[in-house]
Amino acid sequence: MRKISGNVLLIPGRTNIGIIVIDDRECLIIDSGIDDDSGRKIVNTLVKSGFKIRALVNTHSHADHIGGNAFIYKRLGINIYASRAERPFIENPILEPLYLYSAYPPRELRSKLYCAKPSPTKDIDELLTEVHLEVVELPGHSLGMIGLGVDRVLFIADTLFPKEVLNKYVIPYHLNVSEAVKSIEKVRELSTRYEVFIPSHGGILNRVKLLKLIDENLSSIMSVRNEIMNLLEMEALPLNDLLNKLMAKFNIKIFTLGQYMLLRSAISSYLTWLEEDNMIRIYLVNGVPYVKRHT
């Protein structure tokens, strides 16, 4: 564990796990990693350090954030808290791959990468009657993602991705990219109130590094939006052709069904954003979905 401030600790990893000390040696866990092994590691690390785990908070329902829930709940029986919008997905994780695939998902999309084990939850508001935290609504990457602020430290979940992720994936996943942009700007506004910022993926950020990463994420998002408009400049395109042209333009390589479904969903979010801004129109021609610039 790494000490961040007086009562905030961190277990760094592929998904960073936050620890908030709330009363002597009692603590809250923020997220639980990808699977049972992640949950076991968290529990063992804290127990060996003399902590009693009081509760777990999920920032959102993606599998790499809730995969350790079931193990921790079975081992300790503690309460698990989340936002109202995320709770159904944590209690019924099949919903995540179901909406990605638009039907009951095939085997690959039911793996731990996309579908965690279910766990019971309570509303985050119930925790706030016991513990002093600032809950920040940060929708966009998921339907009801939240950040948590305590002791000049703000956990920002998946609002921002590190530069290496932006370079590797080019179009990182946002369920609602329009809302994601608003949440990124909200974190910018909060940068004057907090001193340390912890994303779920990547390193700890001070205010200067945070503002730089905000600009990099917004630039990445706008480059995708602008490229969609560029591809539609001369003619309307079938939806699948537009997806393929975007992948070719950004040199995106797809190797698994899961990667394809995530990318398709992410790009569809951009199309919704552009349609809401009256920049494009999505329509059918002989049963084939087309996209064209709005005239």
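The values are calculated or read from the model by the stated rules, or taken from the named source; none is laboratory data. These figures come from a predicted structure and were not determined experimentally. No Cβ is skipped: glycine too gets one built from the backbone with ideal geometry, and neighbour counts run over all protein chains shown. Heads up: the accessible areas ignore ligands, DNA and RNA and are worked out on the full protein's heavy atoms, side chains in. Shrake-Rupley method; radii C 1.70, N 1.55, O 1.52, S 1.80 Å.
Here are a few things to note about the model shown:
- Close contacts from the stretch 107-128, counting a first residue that is more than 15 Å from F89 (Cα to Cα) and a second that is in a strand (DSSP E or B), with Cβ to Cβ under 6 Å and a gap of 6+ residues or different chains, come to L127/Y81.
- The residues on offer are T121, T129, T159, and the sole one that is among the hydroxyl-bearing types (S, T, Y) and touching a Lys or Arg at 6+ places or on another chain (Cβ under 6 Å) is T121.
- Condition met for R281 (outside any helix (DSSP H, G or I) and charged (D, E, K, R)): yes
- Within the stretch 46-59, the set of residues being open to solvent by 40 Å² or more (accessible area, probe 1.4 Å) and either farther than 20 Å from N7 by Cβ or in contact (Cβ under 8 Å) with a residue 12 or more places away in the chain (or both) comprises S49, G50, K52, R54.
- Some residue of the stretch 280-287 being within 20 Å of the chain's Cα centre (by Cα) and among the polar types (S, T, N, Q): no
- Cβ separations smaller than 9 Å between residues 6+ apart or across chains give the following pairs from the stretch 215-233 residues that are touching a residue at least 12 places away in the same chain (Cβ under 8 Å) and under 15 Å from V187 (Cβ atoms) to residues that are of a type in the set (S, T, N, Q) and open to solvent by less than 30 Å² (accessible area, probe 1.4 Å): N217/T159.
- Filter pass, L262 being closer than 27 Å to L113 by Cβ, aliphatic (A, V, I, L, M) and touching a strand residue (DSSP E or B) at 6+ places or on another chain (Cβ under 8 Å): no
- Which listed residue is within 16 Å of the chain's Cα centre (by Cα), surrounded by 20 or more Cβ atoms within 10 Å (Cβ to Cβ) and assigned to a strand (DSSP E or B), from G18, G33: G18
- The stretch 60-157 holds helices (runs of 4 or more DSSP H) entirely within its bounds, and those carrying 2 or more residues that are open to solvent by less than 60 Å² (accessible area, probe 1.4 Å) and more than 30 Å from Q259 (Cβ to Cβ) map to 124-128.
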